[in-house]
Amino acid sequence: MAIAFFDLDKTLLAVNSGTLWVRRELALGYVTKRQALRAAFWLARYQLGFASAEVMVEEAVAEITGTRAADLRERTARFYEQEVRRTFRAGGLEALRQHRAAGDRCVLLTSSSNYMSELVQRELRLDGVLCNTMEVDANGLHTGRVVGRVCFAAGKLVHAEAEARARGVALKDCAFYTDSYSDLSVLAVVGRPVPVNPDPRLRRHAARAGWAIAEWGGPAVV
């Protein structure tokens, strides 16, 4: 059995759920304008090469230190139902169907939180999830850290390697679907790299590497 890894935002989803989440949290008063601006600043620093992916995610996660995990899980569930669930790409659902028909293991590989990822896993009947899991203390409060290696950029490769090793599968026998150039470390080692509606940098790299580009279209009813 091979493994098909799927990115979430702008890949299986036609939107970036992280951006929608920050806007929603700001509108509902859970995030201040200052925090939203800081998040935008962190992202800009990373995109300009002035900050590492790990530091960017770690700083963002630190913002929830001391908050109740149950509250965040509940808000994420409402957000998913109201704004995310309707945005799965038709092409992504078809790719999942084809991999299941081939007997492959379908695994989400995303920088999203475990709260969001678990909802997607249940919705799409995925075999596994590799994501950023929020650390929670004995009192049910967030510690402001993630469990294990940050699942973003090069960190995704660490998670993918561990999953493949645990399943006795070589990465050269795996596929990875993603829209983002930041996932190049995984795309470069799997046997079937598939840029999906790729960002400009990934589109250019795919053309040079001779990778076939998938266009998965817009949302479909799940």
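FYI, it's all coordinate maths here, none of it is from the lab. Quick caveat, the model's predicted, so the values are computed rather than measured. Glycine also receives a Cβ, built like all others from the backbone with ideal geometry; neighbour counts cover every protein chain displayed.
Seen from Arg192, the other residues with C-beta closer than 12 Å to its C-beta sum to a net charge of -1, counting Lys and Arg as +1 and Asp and Glu as -1.
Which helices, taking whole DSSP H runs in the chain, have alpha carbons extending 18 angstrom or more along the helix axis plus mean Kyte-Doolittle at least -0.5?
Length and hydropathy pass: 154-167.
Protection proxy ranking for 100-110, 70-80, using the average of other Cβ atoms within 10 Å per residue and placing the highest first: 100-110, 70-80.
Compared with the alpha-carbon gap, the fully stretched path from Arg125 to Glu83 is longer by 13.2 nm at 0.36 nm per residue.
For the pair the range 1-23 / the range 92-109, the C-alpha centres are spaced 15 Å from each other.
Modelled this way, with points 7 Å down the Cα-to-C-beta line, the labels at Ala27 and Glu94 are 3.2 nm from one another.
With bins 5 Å wide beginning at 0, the percent of Cα pairs of the range 17-153 falling in each bin runs 2, 9, 16, 21, 21, 15, 9, 5, 2, 0.
I'd like to compare 89-98, 30-39: which one has the highest average count of other Cβ atoms within 10 Å, and what's the full order after that? Intermediate results must be reported in sequence, preceding the final value.
Working: 89-98: 17.7, 30-39: 13.6.
Listed from highest to lowest mean packing, they are 89-98, 30-39.
Taking Lys10 as the anchor, which lysines have their alpha carbon closer than 20 Å to its alpha carbon, excluding any fewer than eight residues away along the same chain? Once the sequence-local lysines are set aside, what remains near Lys10 is Lys156.
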